[in-house]
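Read-outs: derived from the displayed coordinates by stated rules, not from any lab. As the structure is a prediction and not an experimental result, all values here were calculated from the model. Glycine gets a Cβ as well: all are built from the backbone with ideal geometry, and neighbour counts include every protein chain shown.
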Amino acid sequence: MRKFLGCAAALFCIVQVPHATAQEQQQSFKSLIARGFDIKAVTFARGESTENRETFVVTLQREKSVAVCFFSANSWITLSTIALEDARRCDVR
């Protein structure tokens with residue numbers, strides 16, 4: 001039993017390392033574009049994963065950094081200034 005717990009603890013630590021070293025932050029879509037990020041994909045999602053809301057997922061990249069932004073369909077279609085300047089919309093790594 002001790003051996004199993006030791007292996008489980010070691011595996012947990014190994015799995016957690018990538019998360020600890022990644023520098024994740026949140027920024028606005030507008031600031032990412034200003035910094036030179038390019039849009040790589042725009043995906044429409046609706047269903048169980050988005051609580052049945054119409055959502056656009058926008059993926060951006062600049063060199064080795066990747067950003068993923070989430071917008072309601074209305075915000076993305078109208079390019080709402082409030083949504084584009086909201087730093088909570090995009091996760092950057």
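Relative contact order of segment 23-92, please, whole-number percent, based on alpha carbon pairs below 8 angstrom and at least 6 residues apart. Before the final figure, lay out the partial values.
Numbers: 119 pairs, mean separation 28.3, N = 70.
The normalised contact order for segment 23-92 reaches 40 percent.
I'd like to compare 74-84, 41-51, 27-37: which one has the highest average count of other Cβ atoms within 10 Å, and what's the full order after that? Don't skip to the answer; put the middle values down first.
Numbers: 74-84: 13.9, 41-51: 10.7, 27-37: 16.7.
Per-residue Cβ counts within 10 Å, averaged per peptide and sorted highest first, yield 27-37, 74-84, 41-51.
Cα extents of segment 23-92 along the three principal axes, largest first, in whole Å?
Principal-axis extents of the Cα atoms in segment 23-92, largest first: 33, 23, 19 Å.
With +1 on the Cβ of every Lys and Arg and -1 on the Cβ of every Asp and Glu, and nothing else charged, how large is the dipole of segment 23-92 about its Cα centre, in debye rounded to the nearest 20? Before the final figure, lay out the partial values.
Working: 9 positive and 9 negative charges, 38 e Å.
Rounded to the nearest 20 debye, it is 180 debye.
If Lys and Arg each add +1 and Asp and Glu each add -1, what is the summed charge of the other residues whose beta carbon sits under 11 Å from the beta carbon of Cys69? Could you put the intermediate results ahead of the total?
Details: positive: Lys30, Arg88, Arg89; negative: Asp86, Asp91.
The answer is +1.
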